[in-house]
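Quick notes on the structure that follows.
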Amino acid sequence: MSIPDHQLTEGERRVRSFHPHWRMLAGPCAALVLLALASGAGIWLVPGTWEYAGYARIAICAVALALLTVWSFVPYLRWKNTGYVLTTHRFTISTGVLNKSTDEIPMARLTTVSSDQTLIERLLGCGTLTVESAGERGRLVLRDIPRIQEVRSDLFRLLEDASDDRPDTGPAGR
């Protein structure tokens, strides 16, 4: 999930492009394994001599497939279709499977970047990134950002570069 080169402005370059951390997929993967085991056991436990054994096995498969779609496939699609792109001029957050939503924050409007990590997130190398901008929305909280310290340092570096490019509007700059 990246911004195509033809959508970058003149002088803009892609610094980092990434999805949320893989830990978002831990629950859906566990659900996949548990559903496979439970449906396999359910199919195996249906007595073969039972008159409706075929219907029962089909029903078990249908329920397992429906649950698999809701608990595993949909979360995977959400993860796959959520992307973050950091360029020299903007930070882009793109989400959505059927309906696409894209938020772009120009580097010049970012005011504060902070991160938060629990012990497990520190061990996994991810965390929560909070980005504040001078605008209507103001504050974005992005969870499960991989390599959060690298992303944070890239953002600080780009913020510093953006503030160096801003014209001085203070009394001395007038």
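General observations
- Selection of first residues in region 20-36 that are in contact (Cβ under 8 Å) with a residue 60 or more places away in the chain and of second residues that are outside any helix (DSSP H, G or I) and open to solvent by 30 Å² or more (accessible area, probe 1.4 Å), restricted to Cβ pairs under 8 Å at least 6 apart or on distinct chains, gives the following pairs, ordered by first then second residue: Pro20/Arg143.
- So Ile43, is it at negative phi, open to solvent by less than 80 Å² (accessible area, probe 1.4 Å) and assigned to a helix (DSSP H, G or I): yes
- Taken over region 122-165, residues that are in contact with a strand residue (DSSP E or B) (Cβ under 6 Å, 6 or more places away or on another chain), touching a residue at least 40 places away in the same chain (Cβ under 8 Å) and over 14 Å from Thr88 (Cα atoms) amount to 8.
- Some residue of region 57-74 being surrounded by 11 or more Cβ atoms within 10 Å (Cβ to Cβ), in contact (Cβ under 8 Å) with a residue 40 or more places away in the chain, outside any loop (DSSP other than H, G, I, E, B) and among the hydroxyl-bearing types (Ser, Thr, Tyr): yes
- Enumeration of residues in region 115-151 that are closer than 19 Å to Gly27 by Cβ and within 17 Å of the chain's Cα centre (by Cα): Glu121, Leu124, Gly125, Cys126, Gly127, Thr128, Leu142, Arg143, Asp144, Ile145, Pro146
- Check on Ser17, touching a residue at least 40 places away in the same chain (Cβ under 8 Å) and either assigned to a loop (DSSP other than H, G, I, E, B) or within 30 Å of Phe156 (Cα to Cα) (or both): yes
- Residues that are touching a helix residue (DSSP H, G or I) at 6+ places or on another chain (Cβ under 9 Å) and open to solvent by less than 30 Å² (accessible area, probe 1.4 Å) number at least 2 in the following strands (runs of 3 or more DSSP E) confined to region 77-131: 83-87, 110-116.
- Those residues of region 46-56 which are in a loop (DSSP other than H, G, I, E, B) and among the hydrophobic types (A, V, I, L, M, F, W, C), in sequence order: Val46, Trp50
- In region 101-114, residue nearest to the chain's Cα centre (by Cα) [restricted to those that are closer than 23 Å to Arg78 by Cα and touching a residue at least 24 places away in the same chain (Cβ under 8 Å)]: Asp103
The values are calculated or read from the model by the stated rules, or taken from the named source; none is laboratory data. Computed from a predicted structure; not experimentally measured. When we count neighbours, we look across all protein chains shown, and the Cβ atoms used for this are built from the backbone with ideal geometry, even at glycine. Ligands, DNA and RNA are stripped out before the accessible areas are found, and what is left, the full protein with its side chains, is counted by its heavy atoms. Shrake-Rupley method; radii C 1.70, N 1.55, O 1.52, S 1.80 Å.
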